[in-house]
Amino acid sequence: MISADPYFPATGMPDEEWWHALWPCPEDVVSQMGIARGMDVVDICCGDGYFTAPMARIVYPARVIGVDLDAALLEEASAACEGLANCSLVQADVRELARLVASPVDYAFIANTFHGVPNQTEFARTVLSILKPGGRFGIVNWHAIPREQTVVLGQPRGPKSGMRMSPVALQEIVEPAGFTLERVVELPPFHYGAVFQAKP
């Protein structure tokens, strides 16, 4: 059942200026998360396409599907992905991924959003349903440090301190959905990436 409010709490798209201040090279983040040439990928809550376009360039000729509910952000993502024939964008509630993704993919990616997802283990099961056997689920999260310490361009950024989770806490949420934690990568200055593999 989809809730009356389709937007996840505390997951708004950041201003472009501080997004670039955090990660000036999104291609590096995508590569560190293990996304590589030939992988079919779904970019969950893709927003303005900041990671979607680099993904499409990296995985080519495989496909990237960006899914988001916000039409205005998808217009920006469309501009970011202009000329990338292997990239498609879908306006929809990501909790309906099983209906939206016609054939299984190698990798599902979500950045700066999982902390606001209701019923997170259930959502991870939805992600599992769109993956090929042994596929990966990559989650980019804020470290569980106080918000006042995560200052970008002079202001505290990111979700409230209480919404942040450690890699161990994330593991306890995602693994019961049918995944095994494969690795955790540091994404300075304030984030980490957790890569989970679907159990056989």
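Considering each of Ala102, Ala62, Ala10 in turn, give the residue that is assigned to a loop (DSSP other than H, G, I, E, B), modelled with pLDDT under 95 and on the phi < 0 side of the Ramachandran plot.
Working: Ala62 fails: modelled with pLDDT under 95; Ala10 fails: on the phi < 0 side of the Ramachandran plot.
Matching residue, one of Ala102, Ala62, Ala10: Ala102.
For every residue, the table says whether it meets (1) surrounded by fewer than 16 Cβ atoms within 10 Å (Cβ to Cβ); (2) touching a Ser or Thr at 6+ places or on another chain (Cβ under 6 Å).
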| position | (1), (2) |
| --- | --- |
| Arg157 | no, yes |
| Lys160 | yes, no |
| Ser166 | yes, no |
| Ile173 | no, yes |
| Pro176 | yes, yes |
| Glu186 | yes, no |
| His191 | no, no |
| Phe196 | no, no |
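If Leu69 satisfies every condition in (1) in contact (Cβ under 8 Å) with a residue 40 or more places away in the chain; (2) crowded, with 20+ Cβ neighbours inside 10 Å but one, which is the exception?
Every listed condition holds for Leu69 apart from (2).
Working only within segment 149-200, note down all residues that are touching a residue at least 24 places away in the same chain (Cβ under 8 Å), of a type in the set (Val, Ile, Thr) and farther than 23 Å from Pro24 by Cα.
Hits for segment 149-200 are Ile173, Val174.
Can you find, within segment 99-148, the residue that is surrounded by the fewest Cβ atoms within 10 Å (Cβ to Cβ) among those that are among the charged types (D, E, K, R) and touching a residue at least 24 places away in the same chain (Cβ under 8 Å)? Reasoning before the result, please.
Of the residues in segment 99-148, the ones among the charged types (D, E, K, R) are 99, 106, 122, 125, 132, 136, 147-148.
Still in the running and touching a residue at least 24 places away in the same chain (Cβ under 8 Å): 106, 122, 125, 132, 136.
Values: Asp106: 19, Glu122: 11, Arg125: 16, Lys132: 14, Arg136: 22.
The qualifying residue surrounded by the fewest Cβ atoms within 10 Å (Cβ to Cβ) is Glu122.
Which condition number in (1) surrounded by fewer than 22 Cβ atoms within 10 Å (Cβ to Cβ); (2) in contact (Cβ under 8 Å) with a residue 40 or more places away in the chain is the one that Ala85 fails?
(2) is the only condition that Ala85 fails.
Across segment 143-200, what is the total count of residues that are within 22 Å of Gln120 (Cα to Cα) and in a loop (DSSP other than H, G, I, E, B)?
Counting residues in segment 143-200 that are within 22 Å of Gln120 (Cα to Cα) and in a loop (DSSP other than H, G, I, E, B) gives 14.
The values are calculated or read from the model by the stated rules, or taken from the named source; none is laboratory data. The shown structure was predicted, so the numbers you read here are calculated from the model rather than taken from an experiment. Here the Cβ is made from the backbone with ideal geometry for all residues, glycine too, and neighbour counts use every protein chain on show.
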